[in-house]
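For reference, the structure is listed below as structure tokens.
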Amino acid sequence: MSSPVRSSAPAQPADGSSASAAAVATAEIPSPAPSGVSPSAPFGVTRSGPTAAELLDFVRRSAADTELIATLPLDPEGRTWIRLEGPAGSEAWLIGWPPGTGTGWHDHGGSHGALATAAGTLKEDSLAARPPTEGWKTLELADGVDRERQLTAGVGRAFGKHHVHEVRNESEIEHAVSVHAYYPPLPMIRRYSRNGAVLRLEQVEGPEDWQ
């Protein structure tokens, strides 16, 4: 397992958020299954990449790995992160959240994924709706689509490829730490602003913005 190193390379981790400081490195976590092989598939049947459930297993096990979590440097002024080796070609990150930081509204460009909190508490706001993937700039949301979760240490969740959410550390004093994984590796992130029921597409970022 490699140690984190300071870098001026990404200005933000691959979760749609900004940061004023970052630590970037790689670390390996054992994959839950061989690449391309489903543990529940019939003999000889293969499929492409890990499922959301397998990514959830990975992020939960990673969040419980105290040695891994201890490698993440925490910065009181900005978020820090370490790039992980996700299972079966997935993209994964270990992220530290200073008090009051968050991602803003975003999606994952068609990738499914999972996240789990290793320390502190994260709040996730999400939409129980499937916005169109293209051809729009503003969208009026229907009543009742908002969902809220408190993700305390040890709690994780998986999500599908159309998931739109924002994640925040609302604590005024405590860092939070979480693990995130996506498959396929994020092709883009769409970032949104929210004004009441109106969701507005503000920016589309590609892998070059966080690799």
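The values are calculated or read from the model by the stated rules, or taken from the named source; none is laboratory data. Everything quoted here is computed from the prediction, not taken from an experiment. Here the Cβ is made from the backbone with ideal geometry for all residues, glycine too, and neighbour counts use every protein chain on show. Only protein heavy atoms, including side chains, enter the accessible area calculation; ligands, DNA and RNA are left aside. Shrake-Rupley method; radii C 1.70, N 1.55, O 1.52, S 1.80 Å.
Kirkwood hydrodynamic radius (Cα pairs, Å) of segment 81-194?
After inverting the mean inverse Cα-Cα distance, the result is 14.7 Å.
The phi torsions of segment 117-133, fed into the Karplus equation with coefficients 6.51, -1.76 and 1.60 and a -60° offset, translate into couplings of 8, 9, 8, x, 9, 10, 9, 10, 9, 9, 10, 8, 8, 10, x, x, 7 Hz, rounded to whole numbers, with Gly and Pro shown as x. Ligands, DNA and RNA left out, the 1.4 Å accessible surface of segment 64-145 is 46% carbon and sulfur atoms.
The amide H of residue 101, built 1.01 Å from its N in the peptide plane, has 169 as neighbours under 5 Å, considering only residues 5 or more places off or on other chains. Basic side chains Lys and Arg get +1 at the Cβ, acidic Asp and Glu get -1 at the Cβ, and with that the dipole of segment 72-211 about its Cα centre reaches some 320 debye. For segment 171-180, putting each phi into the Karplus relation 6.51 cos²θ - 1.76 cosθ + 1.60 with θ = phi - 60° gives couplings of 5, 8, 9, 10, 5, 10, 9, 9, 10, 10 Hz, in residue order, rounded to whole numbers and with x for Gly and Pro. Computed over segment 70-148, the convex hull of the alpha-carbon atoms projects to a mean area of 7.3 nm².
Checking every one of the chymotrypsin sites (Phe, Trp or Tyr not before Pro) in segment 107-211 against DSSP loop status and a limit of 16 other Cβ atoms within 10 Å picks out 136. In the context of the full set of protein chains, residues of segment 52-211 present 43 Å² of accessible surface per residue (probe radius 1.4 Å, heavy atoms only).
Of the residues 118, 163, 145, the one whose Cα sits farthest towards the positive end of the charge dipole of segment 104-163 is 118 (charges of +1 on Lys and Arg Cβ, -1 on Asp and Glu Cβ, taken about the Cα centre). May I ask you to work out the translational diffusion coefficient for segment 51-98 at 20 °C, viscosity 1.002 mPa s, via Stokes-Einstein with Rh from the Kirkwood sum over Cα pairs, reported in whole µm²/s? D, rounded to a whole number, is 185 µm²/s.
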